[in-house]
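Here's the structure we're looking at; comments come further down.
The values are calculated or read from the model by the stated rules, or taken from the named source; none is laboratory data. Because the structure is predicted, anything quoted here is derived from the model rather than measured. Note that we place each Cβ from the backbone using ideal geometry, even for glycine, and neighbour counts take in every protein chain shown.
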């Protein structure tokens with residue numbers, strides 16, 4: 001028997017502006033009911049770390065189904081094995097932003113592979129943002145912040161060809177640290 005897989009689940013669009021509320025204690029309960037162990041959440045934006053014997057695809061479907069049942073609305077979830085998460089997020093294409101503006105550097109995790117034309121289409125919509133698609137991750141450096149960006153969640157989803165959930169660099173690094181210490 002193989003040892004349990006370490007993984008992270010990234011929930012999209014919860015606990016934003018007082019809407020789509022998902023208390024972290026209830027999120028942990030849902031994961032536990034699905035057989036996950038060593039469950040941990042990080043901040044209120046829907047970052048779930050755990051171990052499981054269930055393969056990723058069926059686990060993701062079960063998690064989405066049970067979250068909708070528990071909270072009454074659909075929540076897209078991206079689940080990555082710890083080793084995959086760590087390898088893909090090891091460094092960004094915007095090293096200067098990692099240090100100088102980690103809250104403005106975001107990584108977009110897509111449910112499906114990002115379409116080939118995404119970078120060109122997103123760059124055409126960008127104002128001052130810097131973009132890169134690498135290893136099926138969407139990297140965005142919101143150089144001047146979010147106030148005037150045209151890269152809304154709906155635009156990202158449409159042009160990437162898949163629902164995308166963003167995490168800032170500080171969160172990406174913290175999740176990596178926690179996965180490495182699991």
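Within this structure, residue 41 fails the test of being buried (at least 16 other Cβ atoms within 10 Å of the Cβ), modelled with pLDDT under 95, under 29 Å from residue 17 (Cα atoms) and touching a helix residue (DSSP H, G or I) at 6+ places or on another chain (Cβ under 9 Å).
Is it the case that residue 156 is assigned by TED's automatic domain parsing to the domain that holds residue 100, assigned to a helix (DSSP H, G or I), under 17 Å from residue 76 (Cα atoms) and touching a helix residue (DSSP H, G or I) at 6+ places or on another chain (Cβ under 9 Å)? Here the answer is yes, as residue 156 does meet what is asked.
When segment 6-28 is filtered for residues that are in a strand (DSSP E or B) and farther than 14 Å from residue 41 by Cβ, the ones remaining, listed by number, are 6, 16, 19. Determine whether residue 128 is outside the structural domain of residue 45 (by TED's automatic domain parsing) and either touching a residue at least 40 places away in the same chain (Cβ under 8 Å) or assigned to a loop (DSSP other than H, G, I, E, B) (or both). The answer is yes for residue 128. Restricting segment 16-33 to residues that are surrounded by 16 or more Cβ atoms within 10 Å (Cβ to Cβ) and in contact with a helix residue (DSSP H, G or I) (Cβ under 9 Å, 6 or more places away or on another chain) leaves a set whose member that is farthest from residue 179 (Cα to Cα) is 20.
Residues in segment 66-97 that are in a helix (DSSP H, G or I), without any contact (Cβ under 8 Å) to a residue 60 or more places away in the chain and surrounded by 13 or more Cβ atoms within 10 Å (Cβ to Cβ): 6 in all.
The residue that is farthest from residue 123 (Cα to Cα), among those in segment 136-162 that are out of contact with any strand residue (DSSP E or B) (no Cβ under 6 Å at 6 or more places or on another chain) and buried (at least 20 other Cβ atoms within 10 Å of the Cβ), is 142.
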